[in-house]
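Structure, as structure tokens:
The values are calculated or read from the model by the stated rules, or taken from the named source; none is laboratory data. All values reported here derive from a predicted model rather than from experimental measurement. Cβ placement follows ideal geometry from the backbone for every residue including glycine, while neighbour counts extend to all protein chains displayed. In case anyone asks, the SASA skips ligands and DNA or RNA and just uses the protein heavy atoms, side chains included. Shrake-Rupley method; radii C 1.70, N 1.55, O 1.52, S 1.80 Å.
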Amino acid sequence: GHYYGIDISLSLLAAGRLEIKQAGLSDKLPAENLRCTASFDTAAFGRVFDFAIAQSLFTHLGWSSIRRCLERIHPSLRSGGRFCATYFRLPDDGAWHAPVQQQPGGVITYATKDPYHYRPSDMERAIEDLPWTLLDDVAWNHPRAQRMLVFIRS
């Protein structure tokens, strides 16, 4: 009962619920704790959270959608709460407009289409005027070279 989740895809939520059921964990994840939304509406749960994670979300979102996500999620996190989000990093010496082959994994990322890459400075701009601090950009041995951003809610 302490896990809540949102996704834009109803079919992915249904697949996740099936896996939970097959693992015998249905009693730990009530149906009302999962919501299908394209608007990052975490406030609909009526709770304040300590921690949130976006796994492989920012890799598929354009910059303005990332900004919207950060705007919508912060009211649902307590002050000091952490929001972790994976992304593909553009190397500091990389040309923003050029495709990048991420290593390991070989995924080719782009500035203007999915899968997207960003610099940490792009994320700093995304949190301007919002109650976030970008705490860290962490390499965490993801098999496709995704990195983890750690935001702290002010």
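Comparison of A111, A44, A54, A85 shows that the only residue that is in contact (Cβ under 8 Å) with a residue 60 or more places away in the chain, open to solvent by less than 50 Å² (accessible area, probe 1.4 Å) and either of a type in the set (G, A, S) or in contact with a Gly (Cβ under 9 Å, 6 or more places away or on another chain) (or both) is A85.
Assess whether D7 counts as being in contact with a Ser or Thr (Cβ under 9 Å, 6 or more places away or on another chain), acidic (D, E) and either surrounded by 11 or more Cβ atoms within 10 Å (Cβ to Cβ) or closer than 25 Å to V150 by Cβ (or both). So D7 fits the description; yes. The set of residues in segment 114-144 being more than 14 Å from the chain's Cα centre (by Cα), aromatic (F, W, Y) and open to solvent by less than 30 Å² (accessible area, probe 1.4 Å) consists of W132 alone.
Within segment 145-154, is even one residue among the hydrophobic types (A, V, I, L, M, F, W, C), over 14 Å from F58 (Cβ atoms) and either loosely packed, with under 13 Cβ neighbours inside 10 Å or in contact with a strand residue (DSSP E or B) (Cβ under 6 Å, 6 or more places away or on another chain) (or both)? So far as segment 145-154 goes, yes, one or more of its residues are among the hydrophobic types (A, V, I, L, M, F, W, C), over 14 Å from F58 (Cβ atoms) and either loosely packed, with under 13 Cβ neighbours inside 10 Å or in contact with a strand residue (DSSP E or B) (Cβ under 6 Å, 6 or more places away or on another chain) (or both). Run G81 past the list (1) at pLDDT below 95; (2) part of a strand (DSSP E or B) and report the number of the one that doesn't hold. Of (1) at pLDDT below 95; (2) part of a strand (DSSP E or B), only one is false for G81: (1). Within segment 8-24, does at least one residue satisfy the condition of being in contact (Cβ under 8 Å) with a residue 12 or more places away in the chain, within 26 Å of H142 (Cα to Cα) and assigned to a loop (DSSP other than H, G, I, E, B)? The answer is yes, given that some residue of segment 8-24 is in contact (Cβ under 8 Å) with a residue 12 or more places away in the chain, within 26 Å of H142 (Cα to Cα) and assigned to a loop (DSSP other than H, G, I, E, B).
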